[in-house]
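Engineer: Below is one structure. I have some questions about it.
Taken together, the values in this text are just the output of simple stated rules run on the coordinates, not laboratory data. Quantities reported herein were computed from a predicted structural model and do not represent experimental measurements. Virtual Cβ from ideal backbone geometry, glycine too; neighbours counted across all protein chains shown.
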Amino acid sequence: MFTNIPINETIDIISKRLKQTNTNTQYIKEITNILNTILHQNYFTYNLEIYEQKDGLAMGAPTSNIISEAFLQNIDNKIISIIHNHDKNSKYYRYVDDALYISQNNGSSINEIMNEINKIHNNIQFTVDKEDQNKIHYLDLTIINEIPKFQYTVYRKPTQTSLTIPYNSYHPPQHKMAAYNALIYRMLKIPLTTNERNKERNIIHQIANNNGYETKTIQKLENKIKNKLTKKNTVNETNAETKQTYTTLTYNGTITKKLAKIFKKVNINISYKTDNTIYNKLITDKNTEEHNKNGVYKIECPDCNKFYIGQTKKRLKDRFTQHFNAFKKPMIYKSNLATHSINNNHTFPNIKHMSLIKNIHKGTKMNIWENLEIFKHNDNNKLIEEQTQIRTKQDKTFQILKLLQHTSPTRRTYTHTPSNNETINDVSIPPSRHEADRKSFRQSKRP
Ligand SMILES: [Zn+2]
């Protein structure tokens, strides 16, 4: 629904509403300016690309609820005038995107009404469910049309799975009980008949048992909620005096409970969070994941398809930003990759061109992996020329690699058999580049 709310139209509606309340014009101007700024900056990322949402409110933005309500209330007014034309005594209720229409004339004109309502705005189209066998479902209720008054039962969609966090799951007890808290609270608050309430209680107990909870745990919770509901009106006023502060802790069993107790003493309440969220389980986009790691990486030049190999103790994406900043400023001595793009007039790579070769933390190992990769790519002529970490002549690993390569059975063109004490300084790189390489390596040393 949020993405169907037209932004400019809604801002107009809000500004008109404010004018009706005799709000200061300067203030209205400020509000509309702010709304224009906020609501037109709808960006999201998908597959590492940034997109702009052209119209409609953002899903999940804290502002979307209230803004959409302003638009929908404007629609409500039009709907109410339509239905009153058909039946003066009819009633209309709406909760978010679910509306209920009660008429005194058996709903005989419902099709005409729907036609008119769906003409109000292209973006807002209603479908209708009519009363069937004296019953209609609205939100999580079944309303039964009985004389002298309506009866209610709890409505569960056929798709309801009745799965809650299992009792033996490693979660804060508060999180586990939250679902039952809501179910019991609803059971007590909705005007159910005794018979219906007992039925609902049995369903809740059944759900609890299926998820590994004991019936007595749920009964205890029900008593607690009942007490709260009866006390509510009297206790609330005294409680409002002491200010409560909240902070979040990752749940870690007993230790977190002990910490919560300590915080409680200074009036800080702890709400728990867990790391094993569905989001963390589902979002395993390889690229975003590897860009959060550190180690040896390569970046491909999109124009010549040659690589820059590097190592970093930072997250890959942070190191990428450094390369990018060096390119943008430009400060070429800070990045050989930037030097490559600038000198050759090649497109600067996108983060998609960066990939993790080896996730590694320690210095020596990291050097070895980096050298291995440089060696491999250099040998295939796949390195950008500006790659100056070819300090490999001084590096033991590189010497060994070179040696192995020259003695490998597949490459017999040049067989080098050093004696025990022989140093193999200039195996592959001409001496003329020696000094220059060292120099630019010094310059390109990572921060
Ligand atoms: Zn290039």
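Engineer: Pull up all non-local amide H partners of residue 357: gap of 5 or more, or a different chain, and H-to-H distance under 5 Å with H placed in the peptide plane.
Structural biologist: So residue 357 has HN proximity to 296, 297, 298.
Engineer: With each label point set 7 Å from Cα along the Cα-Cβ vector, what nm distance links residue 33 and residue 315?
Structural biologist: Going from the residue 33 label point to the residue 315 one covers 3.5 nm.
Engineer: Determine, from the Cβ-Cβ distance of residue 20 and residue 114 and an R0 of 30 Å, the FRET efficiency 1/(1 + (r/R0)^6), rounded to the nearest 0.05.
Structural biologist: Working: r = 29 Å, r/R0 = 0.98.
That gives a FRET efficiency of 0.55.
Engineer: Provide the per-residue ³J(HN,Hα) series for the range 381-386, in order, calculated from phi with Karplus coefficients 6.51, -1.76, 1.60 and θ = phi - 60°, each as a whole number of Hz, with x at glycine and proline positions.
Structural biologist: 6, 10, 9, 5, 4, 6
Engineer: Apply the Karplus curve 6.51 cos²θ - 1.76 cosθ + 1.60, θ = phi - 60°, to the phi angles in the range 58-71 and return the couplings in whole Hz, x for Gly and Pro.
Structural biologist: Here the 3J(HN,Hα) series is 7, 5, x, 6, x, 7, 4, 4, 6, 5, 5, 4, 4, 5 Hz.
Engineer: Could I ask something else about it? Could you sort 312-321, 254-263, 83-92, 289-298 so that the peptide with the highest average Cβ count within 10 Å comes first and the rest follow in order?
Structural biologist: Going by the mean number of other Cβ atoms within 10 Å, highest first, we get 289-298, 312-321, 83-92, 254-263.
Engineer: Further question on the same structure: ³J(HN,Hα) across the range 200-214 via Karplus (A = 6.51, B = -1.76, C = 1.60, θ = phi - 60°), whole Hz, x for Gly/Pro?
Structural biologist: These are the phi-based 3J(HN,Hα) values: 5, 4, 5, 4, 4, 4, 5, 4, 4, 4, 4, 9, x, 9, 7 Hz.
Engineer: Something else about it: Nearest 0.05, what FRET efficiency do residue 185 and residue 344 give at R0 = 56 Å with Cβ-Cβ as r?
Structural biologist: In this case the efficiency is close to 0.25.
Engineer: Just subtract the alpha-carbon distance of residue 52 and residue 161 from 0.36 nm times their residue separation and send over the number in nm, one decimal.
Structural biologist: Difference between extended and current length: 35.7 nm.
Engineer: If amide hydrogens are placed 1.01 Å from N in the peptide plane, which non-local residues have theirs closer than 5 Å to the one on residue 42?
Structural biologist: Long-range HN contacts for residue 42: 53.
Engineer: Find the relative contact order for the range 27-124 and round it to a whole percent, using C-alpha pairs within less than 8 Å whose residues are 6+ positions apart. Show your work: numbers first, answer last.
Structural biologist: Values: 56 pairs, mean separation 14.5, N = 98.
The value is 15 percent.
Engineer: Amide H neighbours of residue 274 under 5 Å, at least 5 residues apart or on other chains, H built in the peptide plane: list them.
Structural biologist: For residue 274, the qualifying residues are 251.
Engineer: Report, in debye and to the nearest 20, how large the dipole of the range 141-231 comes out about its Cα centre when Lys and Arg carry +1 and Asp and Glu carry -1 on their Cβ.
Structural biologist: It works out to roughly 300 debye.
Engineer: Under a Cβ-Cβ cut-off of 13 Å, what is the net charge of the residues other than residue 187 that fall near it, where Lys and Arg count +1 and Asp and Glu count -1? Kindly include the intermediate steps, with their values, before the conclusion.
Structural biologist: On the way: positive: 156, 186, 189, 197, 199, 201, 226; negative: 140, 196, 200, 222.
Net of charged neighbours comes to +3.
Engineer: In this model, which of 54/298; 352/382; 306/334; 54/358; 257/313 are farther than 29 Å apart at the alpha-carbon?
Structural biologist: Beyond 29 Å between Cα atoms: 54/298; 54/358; 257/313.
Engineer: Just subtract the alpha-carbon distance of residue 361 and residue 254 from 0.36 nm times their residue separation and send over the number in nm, one decimal.
Structural biologist: Here the answer is 35.3 nm.
Engineer: For residue 135, which lysines qualify as cross-link partners when the Cα separation must be under 24 Å and same-chain residues fewer than eight apart are set aside?
Structural biologist: 88, 91, 149, 157, 189, 199
Engineer: Please work out how much length the chain gains when fully extended from residue 268 to residue 206, using 0.36 nm per residue of separation minus the C-alpha to C-alpha distance, in nm with one decimal.
Structural biologist: Stretched out fully, the residue 268 to residue 206 stretch lengthens by 18.7 nm.
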